[in-house]
Each structure stands twice: as structure tokens, then as C-alpha cells.
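Some notes on the structure that comes next.
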Amino acid sequence: MTRLWNDPADFADEMIAGFIAANERSVRGVPGGVVRSTVVPEGQVAVVIGGGSGHYPAFGGLVGQGLAHGAVMGNLFASPSTQQVHTVAKAADRGAGVFLSYGNYAGDVLNFDAAQEKLRAEGIACETVTVTDDIFSASAEEKHKRRGIAGDLTVFRTAAAAAEAGYDLAGVTRVATLANERTRSFGVAFSGCTLPGAPEPLFTVPAGRMAIGLGIHGEPGIDETDIPTADGLAELLVSRLLDEVPDGVETSGARVVPILNGLGSLKYEEMFVVYRRIAQLLADAGLVLVDPHVGEYCTSFDMAGTSLTLFWLDDELEQLWETPVDTPAYRRGSVIAAARAEVTEADAVAEAAIERGDDESVAAATVVQAAVQRIVDTVDEHVEEFGRIDAIAGDGDHGIGMQRGSHAALAAATTAARAGAGAATTLSHAADAWADRAGGTSGALWGVILNAIAARLGDAGRPDAAAVASGVAAGARGVMEYGKAEVGDKTLVDALVPFSSTLTAAVDGGSSLVDAWRTAADAATRAAAATADLLPRMGRARAHGQHSVGTPDPGAHSLALIVTAVGDLLADLERNSND
């Protein structure tokens, strides 16, 4: 279990601050993560990696000479926001483009892809390779759907070595793609991990049993068995990986890098016992072992478990693999120390002056602020419930993410409203703060929803029911376009679409905003409850499969609670205005 924290919502920020303070020789902090604190030559491709926190040494611990130029560090088990990715990439860029790499998870893909589009629009060349090494998260025929686990080290290191060697962006992308194609991983666990402040682990494994094929965010395994001996575990790991040798590789005489990764609380001594047998089995299969790794490279907080990665080399990959590396958590070979970079005060991002709205819109902005306050109150009341549901039908971070996002939105809305902003500006500031602070899929999608509504409210006049309904409809369309989910996929969309369609129909039928909203909230509540019967087809929950049946989708459930609470607020305001 995780024993030491202050406020769980602040854990990731405080962890990152401590990591930077302890490793200033290698990294310096920038908004959203870290970049190298040493000189990087102009004209070198910048390799930027990242993902949620809780996996140290991934991702910040892998920034330094010979490896990543920057790491985006999201909240616990949640993808970083688009803004965080963009900021770190801009700080790392040296004029030759930015190469992005991360594990293949829905929230990461959403936010990194959006940041890539933004960088390209600014004239910065950018390419991406997502890591898909986990053989049990999808079939070989659908390996593009696989998640990334400890095999990310091979892709990150190959890409960074190519950048150090002077490859251009296309060359870095090519060899990183090859490294990903030649990397296979498989993991097991004996117990789950516990997020700071959580009363229970994300999942449990019965005493004496072992989960097979699980993910690093608590996604359940595909099987469960009695805990074998150390040799028995080695035989399981090796046999499963040798069942799927990359295309074009002849096993006999093949050169491989074996990586036995600890997931958080498995002792090194235990792993050495397991590795002893792994080495024997790989040699018996005719493989030549190159630079074996035994240690922690991608963890899952305090999860007791391990994974084996095989990186199948060719001549080019092996030459790149020999590149010396010096980072806070990972060192290989001997690096000629680079000089510390002289960092001037980063150009402050000028905050756009807030233009005052007219009197009617300023009055509407106070309602927006009150609505965001009601959202915060609702999230705070249900934060533990959100986390518990998400541990079953997601990855356990939904409560923390919603809390961070909504609180940031409230602070931004309050600042804007106090400056005399109209309704649109107040809500758009809240939307951007939510997306940036929360990260993850839900942060991005709530940013889309709120920004769509804000665009219809305007900063002049009093928005009517039709404008609000139009904004919600635009938000629903934006979420489906951005996240690619549809009704029936067991996501937030399953509650958002019924809410939007019911709201529009009621407003078109002549209902007041209060009556229409509350009717729509009832529809969202029923639809969210019905997601308990669905199998997930999108996002991280997809890996839970049958395990999630019987539990509603956390995004749909939280949306239903929020729109119900906002409906109650609107009703209260209407009553007060009539008194």
C-alpha cells in the first residue's frame, strides 16, 4: 500500500517537485513535466516521452543524456493534458522537430495527438510512435490496439540514440517503429496497487494465486493461476513470448535484449532467481543474450508483479542500443558529461486581458460560476465512489482527475468572473483549466464539452435555452469526434447523447431551460445506469471486458450526477428569482 502523502490530489505535483529537486544535474522543471538540464545541440531531434505518473522510472526518470530530451508527467495513472504535452515539447525542441512516444492508452493518444496537431500548426515538425508491446492486451492481428508496458524502454532508447547519432526526424521515427515491432512483453501480478489515499487496492488477487497478462493501471489479467515456483514463472514468461516471434526473425542465433521488470514491490532478489532460469531457457532456444536488464523500468506504484520483455535486435538496433545513457534512474555505458544549460527566465506567457461582457452577460457569468461550484461540490461528495467504480471499469483515477479538473475550473471561472468577464469567457477559462489540470481522457472531453457550450453563450446579452441546448449538442458532437466513441461503447457518450437529445427536444417543444434541463438530466441518469450492462469497446476499460459488466461507466455516471446537480441549481435560482 502507499503510506506517505499529504493531500492525495496534490501527490503527483509534490512528487514531481521532489524528483526535480533531487535530480537537477539531469533535469529541470517546465510546466507539465521536465526537460534535460544539460546542453542539447541545436538541430538535434527532440525525443519527448510521457504518460501518467505512478510508473517511475517512467517517465521523468528516463530524461537525460542518451535518452529522452523531455518527459510529460501527468496525474496518477492519467494521461497528461494536451497543454502539458505541448509545453514540454516546445521546451525540448531544438529546431529539428519533435518525436513523441508513449504507451498506447486512449487518454494519451487523445492528448498527445492534439498536441502534435498544435505543434505542426505552429510550424514544428512532429511525429509519433505509440508503444504496443503487451502481447496479451490484443491479438497479433490487432497488435495496433495493444497497450504499452515495460517495452517502452526499448522504443524510447532507440529513438533517443538515433537522435544523438544525428538521424533526422524521419529516421528517428523509422527506427523507433522498427524497435516497437521487435519488442514483446508479458506480465503477471500477485497483488494490486493502492493509489495515495485510496482505502483499497485497484484490484486484488486471492492469496496463493497469480494474475496473468494484467496491465500497469490495474487492468485485469486474462487468466489466474496458482503461484508457480520461480522456475515455473520463468518458463511461463519465456514460453508465451517465444510463441510470438516478430516477423522476419529466425530464433536460432537471434540476438535479444531480455528485460525483467519489477512492477513496484517485487524484490530484486526474487527477480534474480527468476532471471537465472529465464537466461537458461533463452539460451536453450538458441538465442544470444545482449545486455540483460533486471530491475524496475516501468512500475505500477506498489504492485507486486513482474513482466518480461524481449527486444529482438538487428545490426542497426544493436548499434543504437550501445549508445551511452545517463539519466536519474537509468545509466548505461560512459557518457561524456554535457555542460549545464544556462536557462534564462522563460518568456512569461502573457495572459490575455479579459474584456468585460455587457451587463446581462456578466450577470449570466455569475450563474456559470455557481454552476461550476455546484460541479465541484458534486465531485467532492462522490470522489471516492468515482475512484471505486473506475477501479472496476477503468483504471482507478477518475475521482482524482475529476477533482483536480473541477477545482481548477472553479478557480479559473472565479478569476474571470471577478474581472468582469461575460458568460462565454468565464466558461471557456473554466474549460481550459479543467482540461489542463485534470489530464486524462475525461479532462480532455470535459474541456471539449464546456468550450462548446461557452461558444454558444456569448459575452453579450442573456443566453436563452436554445443557445444552451445548441452548445450541449455541439459538445456531444465534439466529444464523439474527438474521442471516437459512440453510444453503446460504455463511455461518457452513453449519458451525454441522451442528455443532449432530450434537452434539445424539450427546448424545441417550448419547455423552459429549467424544465428541459431536469428532464434531460433524468434521461442521462437512466442511460448512465444502463451502461452497467454494456461491454466496454473503447478506452482503457476495453481491457476489462466481462469484468466491468455490472458496473456503470464512471464517466457516464459522473456526468449524470453533475447535470442533475446543475439542474437543481437552475431550479433553485428560478425559485429565488420568483420569490
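Could you say which residue among V238, V294, V256 is crowded, with 18+ Cβ neighbours inside 10 Å, without any contact (Cβ under 8 Å) to a residue 40 or more places away in the chain and under 30 Å from the mean Cα position of the chain (by Cα)?
The match here is V294.
Within the stretch 368-389, which residues are modelled with pLDDT of 95 or more and among the aliphatic types (A, V, I, L, M)?
V368, A370, A371, V372, I375, V376, V379
Quick grid of which residues meet (1) surrounded by fewer than 24 Cβ atoms within 10 Å (Cβ to Cβ); (2) out of contact with any Lys or Arg (no Cβ under 8 Å at 6 or more places or on another chain); (3) closer than 21 Å to I124 by Cβ:
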{"position": "V63", "(1), (2), (3)": "no, no, yes"}
{"position": "V72", "(1), (2), (3)": "no, yes, yes"}
{"position": "L76", "(1), (2), (3)": "no, yes, no"}
{"position": "Q84", "(1), (2), (3)": "no, yes, yes"}
{"position": "V88", "(1), (2), (3)": "no, yes, yes"}
{"position": "A92", "(1), (2), (3)": "no, no, yes"}
{"position": "G95", "(1), (2), (3)": "yes, yes, yes"}
{"position": "V98", "(1), (2), (3)": "no, yes, yes"}
{"position": "Y105", "(1), (2), (3)": "no, no, no"}
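Restricting the search to the stretch 22-42, which residues are assigned to a loop (DSSP other than H, G, I, E, B), on the phi < 0 side of the Ramachandran plot and buried (at least 19 other Cβ atoms within 10 Å of the Cβ)?
N23, S26, S37, V40
Which one of these is touching a residue at least 40 places away in the same chain (Cβ under 8 Å), surrounded by fewer than 17 Cβ atoms within 10 Å (Cβ to Cβ) and either of a type in the set (V, I, T) or assigned by TED's automatic domain parsing to the domain that holds A46 (or both): D231, D226?
Exactly one of D231, D226 is touching a residue at least 40 places away in the same chain (Cβ under 8 Å), surrounded by fewer than 17 Cβ atoms within 10 Å (Cβ to Cβ) and either of a type in the set (V, I, T) or assigned by TED's automatic domain parsing to the domain that holds A46 (or both), namely D231.
The conditions are (1) modelled with pLDDT under 85; (2) over 16 Å from T491 (Cβ atoms), and G567 fails exactly one of them. Which is it?
That leaves (1) as the condition not met.
Taking interchain pairs and intrachain pairs at least six residues apart, which have beta carbon atoms under 6 angstrom, with the first residue in the stretch 263-278 and surrounded by fewer than 19 Cβ atoms within 10 Å (Cβ to Cβ) and the second of a type outside the set (F, W, Y) and not in a helix (DSSP H, G or I)?
S265/D302; S265/A304
Residues are listed down the side, and each one gets a yes or a no for (1) of a type outside the set (A, V, I, L, M); (2) at pLDDT 95 or above; (3) in the same structural domain as E296 (by TED's automatic domain parsing):
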| residue | (1), (2), (3) |
| --- | --- |
| V238 | no, yes, yes |
| E250 | yes, no, yes |
| E270 | yes, yes, yes |
| V274 | no, yes, yes |
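Does G405 satisfy being surrounded by 24 or more Cβ atoms within 10 Å (Cβ to Cβ), at positive phi and at pLDDT below 95?
No; evaluated as a whole, the condition is false for this residue.
Exactly one of (1) surrounded by fewer than 24 Cβ atoms within 10 Å (Cβ to Cβ); (2) over 28 Å from I222 (Cβ atoms); (3) in contact with a Gly (Cβ under 8 Å, 6 or more places away or on another chain) is unmet by Q116. Its number?
Exception for Q116: condition (3).
Pairs, please: C-beta under 7 Å, at least 6 apart or cross-chain, first residue at negative phi and surrounded by fewer than 14 Cβ atoms within 10 Å (Cβ to Cβ) and in the stretch 196-207, second part of a loop (DSSP other than H, G, I, E, B) and small (G, A, S)?
T204/G192
Given the conditions (1) crowded, with 23+ Cβ neighbours inside 10 Å; (2) over 19 Å from G262 (Cα atoms); (3) touching a residue at least 60 places away in the same chain (Cβ under 8 Å), which single one is not true for R157?
(2)
Check every one of the strands (runs of 3 or more DSSP E) wholly within the stretch 240-356 and list those with 2 or more residues that are out of contact with any helix residue (DSSP H, G or I) (no Cβ under 8 Å at 6 or more places or on another chain).
304-312
I need the full set of residues from the stretch 224-239 which are of a type in the set (A, V, I, L, M) and either under 16 Å from D284 (Cβ atoms) or outside any helix (DSSP H, G or I) (or both), in order please.
I227, A234, L236, L237, V238
Of all the residues that make up the stretch 444-462, how many are among the aliphatic types (A, V, I, L, M) and under 16 Å from A416 (Cβ atoms)?
Total satisfying the criteria: 6.
For the stretch 149-180: of the residues being of a type in the set (D, E) and in contact with a strand residue (DSSP E or B) (Cβ under 9 Å, 6 or more places away or on another chain), which is nearest to V98 (Cα to Cα)?
Filtering the stretch 149-180 for residues that are of a type in the set (D, E) and in contact with a strand residue (DSSP E or B) (Cβ under 9 Å, 6 or more places away or on another chain), the one nearest to V98 (Cα to Cα) comes out as E164.
For E127, only one of the following conditions fails: (1) touching a Ser or Thr at 6+ places or on another chain (Cβ under 7 Å); (2) crowded, with 21+ Cβ neighbours inside 10 Å; (3) at pLDDT 95 or above. What is its number?
(2)
Identify all residues within the stretch 361-401 that are of a type in the set (D, E, K, R), surrounded by fewer than 22 Cβ atoms within 10 Å (Cβ to Cβ) and either under 20 Å from D568 (Cβ atoms) or touching a Gly at 6+ places or on another chain (Cβ under 7 Å) (or both); write none if there are none.
R374, D377, D380, E381, E384, E385
W446 - would you say it is in contact with a Leu (Cβ under 8 Å, 6 or more places away or on another chain), closer than 30 Å to P201 by Cβ, crowded, with 24+ Cβ neighbours inside 10 Å and not assigned by TED's automatic domain parsing to the domain that holds D13?
So W446 does not fit the description; no.
Please state which of the following conditions N104 fails to meet, knowing it meets all the rest: (1) touching a residue at least 12 places away in the same chain (Cβ under 8 Å); (2) farther than 17 Å from G439 by Cβ.
(2)
Of all residues in the stretch 78-92, which are farther than 21 Å from H144 by Cβ and in a loop (DSSP other than H, G, I, E, B)?
Hits for the stretch 78-92 are A78, P80, S81.
Consider only pairs whose beta carbons are under 8 Å apart and that are at least six residues apart or on different chains; among these, list those whose first residue lies in the stretch 1-17 and is in the same structural domain as P196 (by TED's automatic domain parsing) and outside any loop (DSSP other than H, G, I, E, B) and whose second residue is exposed (fewer than 15 other Cβ atoms within 10 Å of the Cβ) and at pLDDT 90 or above.
E14/N6
The values are calculated or read from the model by the stated rules, or taken from the named source; none is laboratory data. Predicted model only: the values in this text are computed from it and were never measured. Cβ coordinates were reconstructed from backbone atoms using ideal geometry, including for glycine residues, and neighbour counts include every protein chain displayed.
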